[in-house]
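Structure record follows, encoded as structure tokens.
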Amino acid sequence: MTRPPRLLLALLSSLLVALAAHPARADEVSWLASPVVWEATRRAVLRAGLDDGPVRSLARRARTAAWLPDVSLHAARGLGANSTVVTNVNDRLAIAESFSFDVRLSFDLDRLLFDAHEVALLRLAAQRAAQRAALERSVIDLLARREALRLREAAVEAGAPPDIDALVERARLEASLELMTGRSALELLAAGLARR
């Protein structure tokens, strides 16, 4: 419930900053500079949970699970009655009780070379790679559209009235980037500059 008002505030503040800002300078960082693109796509992939770490961890755990034995325990109690008849006055009755414990450890060491779960993990990794590539293309598309707006703003004459449609589009693109990456547009540009 707190996300829509926060998004609306970010959109409005972006609009106000754009209206108050001076025209773009020539030394401004490009939205398509490699460090900016790399940082934005990396953050979007991490935020979406599409990084390779979990799949690699599952594959590693599937192989190392071969060292864990399957343990089976079995306990049995046997009751038997023996009676011994003696020719004297006392008859003797003997009851024989027995307990047996069976403990078995079995190792599945062929899983060290190949685990049946690896096929499913490979399929999952391929699906996640396709989702990651689609997400990266979406982020690059947003960055390209934002760069086109930046270049258009730089070409506008100093005294010209602001293009409201371009300002709204700019705010929308920056809000979309923030939702995908978890970072504001200024933070993405700053992180891109830091990677130079």
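Of the GluC sites (Glu not before Pro) in the stretch 135-171, the ones in a loop by DSSP (not H, G, I, E or B) with at most 12 other beta carbons within 10 Å are GLU157.
Take the Cβ-Cβ distance between ALA148 and GLU187 as r, set R0 to 25 Å, and report the resulting FRET efficiency rounded to the nearest 0.05. Mind showing how you got there, number by number?
Numbers: r = 21 Å, r/R0 = 0.85.
After rounding, the FRET efficiency stands at 0.75.
Mind ranking 67-75, 108-116 by how tightly packed they are, going by the mean number of other C-beta atoms within 10 angstrom, highest first?
Numbers: 67-75: 9.7, 108-116: 12.1.
Per-residue mean Cβ counts within 10 Å order the peptides as 108-116, 67-75.
Taking 7 Å steps out from each Cα toward its Cβ at VAL168 and LEU105 produces label points 7.1 nm apart. Per residue, the convex hull around the alpha carbon atoms of the stretch 125-196 comes to 110 Å³.
Could you state the number of Å between the C-alpha centres of the stretch 173-193 and the stretch 97-121? Comparing the Cα centres of the stretch 97-121 and the stretch 173-193, I get a distance of 50 Å.
Quick note: the coordinates plus some simple rules give every number you see, no bench work behind them. Because the structure is a prediction, the values reported are computed rather than measured. Methodologically, a virtual Cβ is constructed for each residue, glycine included, from the backbone with ideal geometry; neighbour enumeration extends over all protein chains shown.
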